[in-house]
Amino acid sequence: MKQWIKRKGCLFLAAILLLFLGGCGADKAPSAVLPAEEPLTIWLASDLHYLSPKLTDNGIRFQNRMLASDGKLTEHSAEIVERFLQLAAEQKPDALILSGDLTYDGEKQSLRELAKLLKKVQDAGVSVLVIPGNHDIAYPFARKYSGESSELVDNIPQEDFIKLCGAFGYRSALSSDEASFSYLYPLAEDFSVLMLDANSESASGLIQDETMQWAEKQLELAQQQGQTVISVTHQNVLAKNEGAYSDFILDNAQQVEELLQKYGVKTNFSGHSHIFHRTQSKELTDVVAGSLTASPLQYYIVEVDEKREVSYHTGQVDVFREEAAQRFADCTRLRALEMLYELDLDAQIQEKMADFAAQMNQAYYAGEHLEAEDWMSREGWTLWQQYGKNTKWKNYFEKMLQEQ
């Protein structure tokens, strides 16, 4: 990965790009823009769900919340995120992108702490770009957990999100949308990132009309200047597994897809559903990042070559891996057993079916390729076929395999 010193000679290029895309309303030029055709490395993570250690004593109320969750290792979210950001500061990708749900449940205390950590990465010479997720702005369930109880704490009004996170892309972009936290940020003379916010106080889950008009203007100008653009959203643009994840797309996903396709955007990165996955429609691929604080603690390493072709692979945070895997398996098994108890089966059969559900679900969330012949040859599949053929879980397994 390139060192910060390589970029210093390219600072003046931001001013050139401002002339290219003039009139877009940016506060100031980005801090560093690389030359055209310079290869780029971008780290992208989503759904950090960072919870301040000051907001939980890891007591019984919090632990019950964890077991009822989707399997994140939230009690160690601060340590996982800190390690991830430490790695980013050390390895210095050209940019670090966080695609929303920065906080656990929208606690202002959590965002304050996270912003301080992000500033350290930025001070190390890495461009940090963020957008909010549906948990971040005006989320009504921000709580502090203590013993057997919990209490509401300050959440994050939209103006406070801008104050705390405006330094991470929004204020230094070439163009920033006044109606949302959306912005266009150049990483090279010929390559920019369009960060699209669909989680304002007035319209969560929807890219508003004003933002759509602003985005089209930026894409048109970028196209005229020969820029390659990738986009980033929190909610998905393209639908995933219809059996379980169709609710995770943008409310106006079709219009957003059409806009991106119209201006030749080939890659959108998103999060929200907590799975590592990708879906393609015509020329557009929606690449979904899972939650950084859920097993297997992954993030994307995105490589952009001199021809502006985009490729990506996953990296892993090297702390709490076993604990995260166990938490995810426990939560999946619990959900499966809740349904299996209704079927009046032998306890040993129930356990085998729940174990299979945990194994397959974990592989799916991690973005592993699921070989149908392999999974359908396992004892667990046979048991689900025999005893749970008409259940939602069996339908979910089949949808997983159909996507491969």
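Odds and ends about this structure:
- Cβ pairs under 8 Å, 6+ apart, first in the stretch 352-375 and outside any helix (DSSP H, G or I), second of a type in the set (Gly, Ala, Ser): Ala366/Gly290; Ala366/Ser295; Gly367/Gly290; Leu370/Ala363
- Entry remark, the stretch 376-404: residues being free of Cβ contacts under 8 Å to residues at least 40 places away in the same chain, assigned to a loop (DSSP other than H, G, I, E, B) and β-branched (Val, Ile, Thr) number 0 in total.
- For Ala324: the one exception among (1) farther than 30 Å from Glu79 by Cβ; (2) in contact with a Ser or Thr (Cβ under 6 Å, 6 or more places away or on another chain): (1)
- Residue satisfying condition, being closer than 17 Å to Ile42 by Cα and either touching a His at 6+ places or on another chain (Cβ under 7 Å) or modelled with pLDDT of 95 or more (or both), within set Gly71, Gly147, Gly100, Gly106: Gly100
- Residue list for the stretch 285-320, restricted to those being crowded, with 20+ Cβ neighbours inside 10 Å and touching an Asp or Glu at 6+ places or on another chain (Cβ under 6 Å): Ser291
- Any hit, the stretch 6-20, residues being modelled with pLDDT of 95 or more and either among the β-branched types (Val, Ile, Thr) or in a helix (DSSP H, G or I) (or both): no
- Some residue of the stretch 265-282 being more than 21 Å from the chain's Cα centre (by Cα) and modelled with pLDDT under 95: yes
- Positions within the stretch 146-184 being surrounded by fewer than 24 Cβ atoms within 10 Å (Cβ to Cβ) and touching a Ser or Thr at 6+ places or on another chain (Cβ under 7 Å), in sequence order: Gln158, Ser172, Ala179
- Per the conditions (1) surrounded by fewer than 16 Cβ atoms within 10 Å (Cβ to Cβ); (2) free of Cβ contacts under 8 Å to residues at least 40 places away in the same chain; (3) at negative phi, the sole criterion not satisfied by Asp344 is (3).
The values are calculated or read from the model by the stated rules, or taken from the named source; none is laboratory data. Because the structure is a prediction, the values reported are computed rather than measured. Using ideal geometry, Cβ is built from the backbone for each residue, glycine included, and neighbour counts are taken over all protein chains shown.
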